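The structure appears right after this line, and notes come after that.
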């Protein structure tokens, strides 16, 4: 199961869109009520996403994976901004829609493009929670993106090499799937792997 968790006020339609699309990959997806957590800011007023992840990791989640959505500009120390953040093989990921919107760059609103970027970024950060690092394949979803143009150029899907990494990350034993980082039984992993295989074949 995947939990979509709004941090503060987030447009509900965005959350419903993510739930609808991510169900194809993750099976059961739930949207939890918004939570308020202490936020840390840098001198530019941006939320420090690594501090937020620390709070989320202590959050009593009701799913194996948690995708937090915060409608604030986010970053980590040493960079100007980020679109999202997740710990490799961890439970939680966070994404920000702020810089995914065309209006942020004083361009005409393109809502369809925005939703496409939002879904790609969600998949990218959730990919990190599945054990995927950044990929050199230009079209793979796990390719690092420093601009929205780079997000637009890549696919929603993972490349074959990344899929093989996900399959290797999950160890099947006695009909149960265990995460390679030793966190215990992960029924969600089997669902994800089965769905990824089927979807990749269709594409």
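Per-structure values
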| quantity | calculated |
| --- | --- |
| Failed condition for residue 47, given (1) at pLDDT 95 or above; (2) surrounded by fewer than 16 Cβ atoms within 10 Å (Cβ to Cβ) | (2) |
| Residue within the range 74-93 that is touching a residue at least 40 places away in the same chain (Cβ under 8 Å) and more than 26 Å from residue 134 (Cα to Cα) present | no |
| Tally, over the range 2-42, of residues that are in contact with a helix residue (DSSP H, G or I) (Cβ under 9 Å, 6 or more places away or on another chain), within 13 Å of residue 65 (Cβ to Cβ) and not in a helix (DSSP H, G or I) | 7 |
| Selected residue (only one of 112, 108 is assigned to a loop (DSSP other than H, G, I, E, B) and either loosely packed, with under 13 Cβ neighbours inside 10 Å or in contact (Cβ under 8 Å) with a residue 60 or more places away in the chain (or both)) | 108 |
| Boolean, residue 129 is modelled with pLDDT of 60 or more, surrounded by 12 or more Cβ atoms within 10 Å (Cβ to Cβ) and on the phi < 0 side of the Ramachandran plot | yes |
| From 98, 79, 69, 94, residue being under 26 Å from residue 40 (Cα atoms), out of contact with any strand residue (DSSP E or B) (no Cβ under 7 Å at 6 or more places or on another chain) and modelled with pLDDT of 95 or more | 98 |
| Residues of the range 49-80 classified as more than 23 Å from residue 28 (Cα to Cα), touching a helix residue (DSSP H, G or I) at 6+ places or on another chain (Cβ under 9 Å) and part of a loop (DSSP other than H, G, I, E, B), total | 5 |
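The values are calculated or read from the model by the stated rules, or taken from the named source; none is laboratory data. Because the structure is predicted, anything quoted here is derived from the model rather than measured. No Cβ is skipped: glycine too gets one built from the backbone with ideal geometry, and neighbour counts run over all protein chains shown.
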